[in-house]
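S.K.: The structure that follows is given in the form of structure tokens.
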Amino acid sequence: MSKVVLIATHFDDNLEIATMPWAVGNAALAADKEVTIFLQGLAVREAKKGGTKGLRFPPFPSLDTLQKAFVENGGHVFVCAPCMKAHSVEPDEFIEGAEPGGAAFLVDLAEDAAVFNY
């Protein structure tokens, strides 16, 4: 199984771009890839329970729908630890399956993976 890493940097500042990692991630999972979304910058807010509720960029499903499918289908979610502090996001607020991760972790994760940045 090949690895795909999707780096997300947008939230409600750009719903079109914020939607892409989740849409591409779900497509990659359907193609039997090992997929990780790494949330950075404003995107760390997507890790909060209920944080994506009501956010949608048509014609795609809502962010919360895409996010739930991604996690249920085996996708991995990591959240930039320094960005969490900058955006006041605490691990006890995370969606199911999300974990904090740092820069060194991201570099290791990206080794031998197809990496996309949104």
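S.K.: If you go through segment 82-118, how many residues are free of Cβ contacts under 8 Å to residues at least 60 places away in the same chain, farther than 16 Å from Lys48 by Cβ and either aromatic (Phe, Trp, Tyr) or not in a loop (DSSP other than H, G, I, E, B) (or both)?
M.R.: Of the residues in segment 82-118, 6 are free of Cβ contacts under 8 Å to residues at least 60 places away in the same chain, farther than 16 Å from Lys48 by Cβ and either aromatic (Phe, Trp, Tyr) or not in a loop (DSSP other than H, G, I, E, B) (or both).
S.K.: Hey, among Val44, Val77, which residue is over 18 Å from Asn14 (Cα atoms), under 11 Å from the mean Cα position of the chain (by Cα), among the β-branched types (Val, Ile, Thr) and surrounded by 22 or more Cβ atoms within 10 Å (Cβ to Cβ)?
M.R.: Only one candidate passes the filter, namely Val77.
S.K.: Output the residue which, of all residues in segment 82-111 that are under 21 Å from Asp13 (Cβ atoms) and of a type in the set (Gly, Ala, Ser), is surrounded by the most Cβ atoms within 10 Å (Cβ to Cβ).
M.R.: Ala98
S.K.: It is to be established whether one or more residues within segment 47-62 are over 17 Å from Val4 (Cβ atoms), among the charged types (D, E, K, R), modelled with pLDDT of 95 or more and in a helix (DSSP H, G or I).
M.R.: Within segment 47-62 (the criterion being over 17 Å from Val4 (Cβ atoms), among the charged types (D, E, K, R), modelled with pLDDT of 95 or more and in a helix (DSSP H, G or I)), the answer is no, since none of the residues qualifies.
The values are calculated or read from the model by the stated rules, or taken from the named source; none is laboratory data. Fair warning: this is a prediction, and the values are worked out from it, not measured in the lab. Using ideal geometry, Cβ is built from the backbone for each residue, glycine included, and neighbour counts are taken over all protein chains shown.
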